[in-house]
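For reference, the structure discussed in these notes is given below.
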Amino acid sequence: ANPTVVGSVPALTGAGQIDIVGNRAYVARGSAGFSILDLANPTAPTVLGGFDDTGFGFGYETALLSGNRLALAAGSSGTVIYDIATPAAPVQLAAFEPYSNPYRLLAVGNLLFMTARDVPTGVTQVKVVEFPAAAPATVRARIDFDWRSEAVSVGPGHVLAANGPRGVVMLDSLDPAQPAVAGRLPLGYVEKVGHVGGYGVVGHDGS
């Protein structure tokens with residue numbers, strides 16, 4: 001009834017995507033890389049570190065992989081993987097598919113569900129890519145959408161994808177390496193999706 005701001009961190013960001021895992025927030029900061037925040041004390045959040053590199057593409061979203069690794073959807077630089085074992089000094093490990101313009105990422109263990117931002121045909125191919133700790137990345141599956149994925153959220157045995165003007169799509173992820181479209185709801189232009197108490201929550205511009 002009366003929400004208030006309990007804490008804040010001043011920082012410029014052009015991406016607006018925040019991935020929260022435990023007491024840490026991983027913030028994609030557009031052309032300024034990413035930041036790692038400690039939220040253990042919400043009234044005084046602190047910046048643990050980050051990677052500020054204006055030489056790569058626009059950073060849209062982060063995803064936490066196993067083994068203290070962070071993936072960043074970095075536009076023209078592809079999907080860039082960092083070692084964040086020491087948050088104050090992240091180390092770039094590898095870049096996957098430069099110029100692929102990744103837009104949204106969703107991590108499940110060593111697997112990343114990845115979508116691209118700009119596809120001339122209007123078809124978005126969701127790639128499921130495995131990133132082992134000590135081996136090259138491998139594409140495990142591909143799914144064609146008829147629009148790009150605006151956001152994704154993980155549920156028990158499934159993934160919900162906000163598919164823009166095509167509504168919300170449910171993917172069966174019981175076998176993450178072989179996901180399949182399980183259903184779809186046309187709900188206007190869907191931009192955000194999440195899970196609360198076993199329910200899917202969708203933000204859209206329909207009535």
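The values are calculated or read from the model by the stated rules, or taken from the named source; none is laboratory data. Every value quoted in this text rests on a predicted model; they were computed, and no experiment measured them. Here the Cβ positions follow ideal geometry from the backbone for every residue, glycine too, while neighbour counts run over all protein chains shown. Calculation scope for accessible area: heavy atoms of the full protein, side chains included, ligands and nucleic acids excluded. Shrake-Rupley method; radii C 1.70, N 1.55, O 1.52, S 1.80 Å.
What's the total number of residues in segment 142-158 that are open to solvent by 20 Å² or more (accessible area, probe 1.4 Å), touching a strand residue (DSSP E or B) at 6+ places or on another chain (Cβ under 6 Å) and not in a strand (DSSP E or B)?
Residues in segment 142-158 being open to solvent by 20 Å² or more (accessible area, probe 1.4 Å), touching a strand residue (DSSP E or B) at 6+ places or on another chain (Cβ under 6 Å) and not in a strand (DSSP E or B): 2 in total.
Which residues, taken from segment 159-175, are open to solvent by 30 Å² or more (accessible area, probe 1.4 Å) and within 15 Å of Phe113 (Cβ to Cβ)?
Met170, Asp172, Leu174, Asp175
How do the pairs read when you match residues in segment 123-146 that are over 16 Å from Leu105 (Cα atoms) with residues anywhere that are among the β-branched types (Val, Ile, Thr) and part of a strand (DSSP E or B), using Cβ under 9 Å and keeping only pairs 6 or more apart or on different chains?
Listed pairs, sorted by first residue: Pro132/Thr138; Asp146/Thr124.
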